[in-house]
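Heads up, the thing below is written out as structure tokens.
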Amino acid sequence: MQTNLRIDSRFPQMGTTIFTVMSRLAAECGAVNLSQGFPDFQAEPALFDAMHRHMLAGRNQYAPMAGLPELRQAIADKVAALYGPRYDIETEVTVTAGATQAIFTAIAAFVRPGDEVIVFEPVYDSYVPAIETVGGKAVYAQLKFPDYQPDWEQVAGLISPRTRMIIVNSPHNPTGSVNATVSLKKLANLLRGTDIVILSDEVYEHILFDGEQHASLCGDPELAERSIVVSSFGKTYHITGWKIGYVVAPAALMAEFRKVHQFNVFCVHAPAQLAIAEYMQDARRHLGLAVFYQQKRDFFRDLLAATPFELLPCRGTYFQLARYDRISDRPDREFAEWLTREVGVAVIPISVFYADGRDDRVVRFCFAKQEATLRAAAERLCRAL
């Protein structure tokens with residue numbers, strides 16, 4: 001349908017997310033889609049059986065705004081078991097419609113027009129649009145290539161009287177890097193005596209490799225008191241399409257978060273909450289995730305060893321970065337499109353995660369796939385490259 005309305009776009013430069021673009025291109029070309037971060041395998045039937053049972057039992061109406069108490073209790077128990085603090089389920093735990101909604105809501109709750117938010121590049125692509133939507137300004141710190149670790153001296157120089165929030169993300173999407181406990185201590189030193197809020201994106205908290213331990217901000221008392229910590233059941237239980245996540249935060253911060261949450265979502269799918277609460281009772285299901293995905297990482301890295309790609313370290317998440325400068329001198333977005341169209345494997349170019357389009361000739365593969373999918377992708381790459 002056509003319209004004659006003159007639309008004065010609030011975001012004239014904002015395009016479609018790269019994940020949508022590359023997944024659409026993969027479908028058009030019949031490519032193996034290793035671009036968008038979702039599994040191509042099912043969760044355990046027990047999770048689906050639990051949701052079906054709760055639906056048949058009539059648990060199909062609105063859940064409480066903060067989430068069903070059964071799930072909030074399960075979240076609080078898990079966080080206490082892993083990181084130490086006991087969050088109050090009435091005032092400090094909220095179930096969200098996925099992690100993206102949680103991130104947007106936290107930014108909307110705390111960032112005012114003119115406020116600055118420090119983000120780390122390469123930066124996951126939902127942060128900056130959310131900041132700009134509420135009138136804030138993103139200030140970019142750099143994760144140092146090729147190990148993608150923060151430069152805390154640089155961060156110190158970026159903090160100003162207008163700094164309202166810092167967003168941290170570990171394990172980090174898109175790079176697979178991990179913040180160690182020593183990094184958290186440096187962050188705490190920088191923020192001591194300020195009113196800066198931290199938004200900690202920890203959706204890959206259970207996917208760390210080679211014995212790495214997740215340094216959650218929940219586990220550092222000094223940082224926890226100023227932190228909104230976000231996680232995702234979609235990433236943990238292979239159900240990204242369910243769009244259910246959660247936030248934990250001190251009561252004063254959570255009160256502000258819920259002021260926005262109640263009006264942009266209100267509540268989340270009730271029978272799915274009950275099913276997840278039941279499923280979480282077996283802690284092996286999240287504690288075993290690191291071994292499960294490390295096997296996939298190692299399998300995929302072994303397959304790519306026969307190609308000219310230079311594989312960068314992957315310490316967490318289910319993403320593998322690779323340099324391709326021995327293959328092509330094309331810019332990374334052009335290379336990703338060529339790889340999708342001509343080779344039949346879809347990837348994500350890393351330059352899209354930089355405000356200035358910095359291009360280190362690196363692309364991202366998602367290995368949260370069945371072995372047959374990964375093998376098919378590797379066969380195409382080996383034949384073509």
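The values are calculated or read from the model by the stated rules, or taken from the named source; none is laboratory data. Here the structure is a predicted model, which is why all the values come from computation and not from measurement. Ideal geometry is used to build each Cβ from the backbone, glycine not excepted, and the neighbour counts take in all protein chains shown.
Could you figure out which of (1) buried (at least 17 other Cβ atoms within 10 Å of the Cβ); (2) in a helix (DSSP H, G or I) isn't true of residue 55?
Among (1) buried (at least 17 other Cβ atoms within 10 Å of the Cβ); (2) in a helix (DSSP H, G or I), residue 55 violates only (1).
Being outside any helix (DSSP H, G or I), at pLDDT 95 or above and surrounded by 15 or more Cβ atoms within 10 Å (Cβ to Cβ): is that true of residue 322 here?
yes
Filter the range 157-181 for residues that are farther than 25 Å from residue 360 by Cβ and of a type in the set (A, V, I, L, M); which is surrounded by the most Cβ atoms within 10 Å (Cβ to Cβ)?
Result: 165.
What number of residues in the range 239-252 are touching a Phe, Trp or Tyr at 6+ places or on another chain (Cβ under 8 Å) and farther than 13 Å from residue 98 by Cα?
Qualifying residue count for the region: 2.
Can you find a residue in the range 24-47 that is surrounded by 15 or more Cβ atoms within 10 Å (Cβ to Cβ), assigned to a helix (DSSP H, G or I) and either at pLDDT 95 or above or outside the structural domain of residue 365 (by TED's automatic domain parsing) (or both)?
Yes, some residue in the range 24-47 is surrounded by 15 or more Cβ atoms within 10 Å (Cβ to Cβ), assigned to a helix (DSSP H, G or I) and either at pLDDT 95 or above or outside the structural domain of residue 365 (by TED's automatic domain parsing) (or both).
Within the range 302-323, does at least one residue satisfy the condition of being closer than 22 Å to residue 383 by Cβ and in contact with a Ser or Thr (Cβ under 9 Å, 6 or more places away or on another chain)?
Looking through the range 302-323, at least one residue is closer than 22 Å to residue 383 by Cβ and in contact with a Ser or Thr (Cβ under 9 Å, 6 or more places away or on another chain).
Any residue at all in the range 202-213 that is farther than 22 Å from residue 125 by Cβ, of a type in the set (A, V, I, L, M, F, W, C) and in contact with a strand residue (DSSP E or B) (Cβ under 9 Å, 6 or more places away or on another chain)?
yes
Restricting to the range 252-266, name every residue that is closer than 15 Å to residue 93 by Cβ and among the aromatic types (Phe, Trp, Tyr).
257
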